Each structure stands twice: as structure tokens, then as C-alpha cells.
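The values are calculated or read from the model by the stated rules, or taken from the named source; none is laboratory data. All values reported here derive from a predicted model rather than from experimental measurement. Cβ: placed from backbone, ideal geometry, glycine included. Neighbour counts: every protein chain shown. SASA here: full protein model, heavy atoms, side chains in, ligands and nucleic acids out. Shrake-Rupley method; radii C 1.70, N 1.55, O 1.52, S 1.80 Å.
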Amino acid sequence: NGWNVIRAAVFGGLLGTLILARIDAVFLVLAFALDHLWRYRAQAVLWIMSYGLTALFVSGPWWVYNFRTFGSLMPVSGRSEAIATPIVENLLQTAAALFDIMTLGLYHNYYAWPAWLTVLAFIAALAVWSVLFRTVWQDGVRVPTSLLAPFALFGLGLATFYVFRFGAPHFIARYLDPVRVLMVLLAAVTLPRIAMSQKAGGKPIRFALVL
């Protein structure tokens, strides 16, 4: 609500600045565009053009510099990291990073755990969050997850890119840190509501578990 071309342009300036800080923030621009098209259809086209072009204008000097200096929009470091793609290792590193993210506060040394433990820990954390979301749907808890949809798409885009187009697995945990921000926001808007619904429904054990 409240979107217009001017506000969209200001938003585009913020997105462009974010791209200057992290080049993969391009995925966030695409995520917002897809989300707005899905929700608002044709009404969103002007907004998307406004913040998309503004983001391009703000970040444009960086793209021009890369192309003139390196002959590519991607700098040398990015291209060199994509020469080989160890997908299995990338998947394991991604699973380890996502496990840490789903715990909201943990950072562990990837190489300290065997591969089977990394996979098991990821599945266990995913199962816990799946149960929580199942509770949301079953109990009809109102959660503004729609506000977080663009960030979820952004996280999915990052994970997909770094698994299939990246050759430096040891950097994946660092590059997926924006997903950690998403997870903290998601926990902040869901866990209190779930906990209160369990408490109000006379389910003290579930209430304690959520806390």
C-alpha cells in the first residue's frame, strides 16, 4: 500500500546503493519485481520500471567500470570463482550454512563436521521449522509472511547461484549471510505469534518448545 512512482524511485536508489555494496543484490531487485508482478499485475509495471531504472542508474558506474576494465560486467575475481563448479561440495557448504542460519545464532566450523552430520543437522533444522509452519497453517495464526516473500526469493536466488555457478565453496557461508537476516526477521514475526497461539490454546508443552 502507498506505492507510487516517486517512492519506487527512492526505493530504487536504496537498491542501487545495495548493489554497490554487494553485486549479487541484483537478485533482490529481481525478487521484488517478481513479487510485485505476482501481487499487483499490470499496476506494478510503472513501479518496477521506476525502481529498476533508478537502481541501474545508481549502480551503473560500477557496471561500466567493470566492462571497460575487465571486458565483462563481472569482475575478474567473480569470473575466476566460476571457472569450476564443485556442485557436491557447494551443496554441503550450503547445507552447513543454512543449518547455522536456521538456528538463528550459530556459526560452526564446516570442516569440523563430517558430511553425514552436516546433512543430518540440516534436515533436523528444516524439520523443526516445517513443524512450526505447519502449526501456523493449522492454527490459523496470522503471520505477515507476504512482507518477507521478496527476501525469500532473494535467498533462493543466492543459494541457487552459489550452488550451480560458483567455484569457491569455502566462501558460500559468507555470501549467504543475507539469508540469516531473513531468518531473523521471519523468526521475529512468526515465533511470538505461534507461542501466543499455543499458550491461548492450552498447549503449554508446545508453547515451551517454541520459546
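Summary of computed values
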read-out: Potential lengthening between residue 39 and residue 89 on full extension [0.36 nm per residue; Cα-Cα distance subtracted]; value: 14.3 nm
read-out: Rounded percent of accessible protein surface that carbon and sulfur make up, region 29-147, 1.4 Å probe; value: 72 percent
read-out: Two-site FRET efficiency, residue 128 against residue 30, from Cβ-Cβ distance with R₀ of 25 Å, rounded to 0.05; value: 0.25
read-out: Inter-label distance, nm, simple model (7 Å from Cα along the C-beta direction), residue 171/residue 112; value: 2.5 nm
read-out: Electrostatic dipole magnitude of the chain [Cβ: Lys, Arg +1; Asp, Glu -1; Cα centre; debye, to 20]; value: 520 debye
read-out: Reported label for calculated semi-axes √(5λ) of the Cα gyration tensor in Å given [x] 33, 27, 11; [y] 43, 20, 15; [z] 43, 22, 11; value: [x]
read-out: Computed lengthening from residue 191 to residue 104, 0.36 nm per intervening residue step minus Cα-Cα distance; value: 30.1 nm
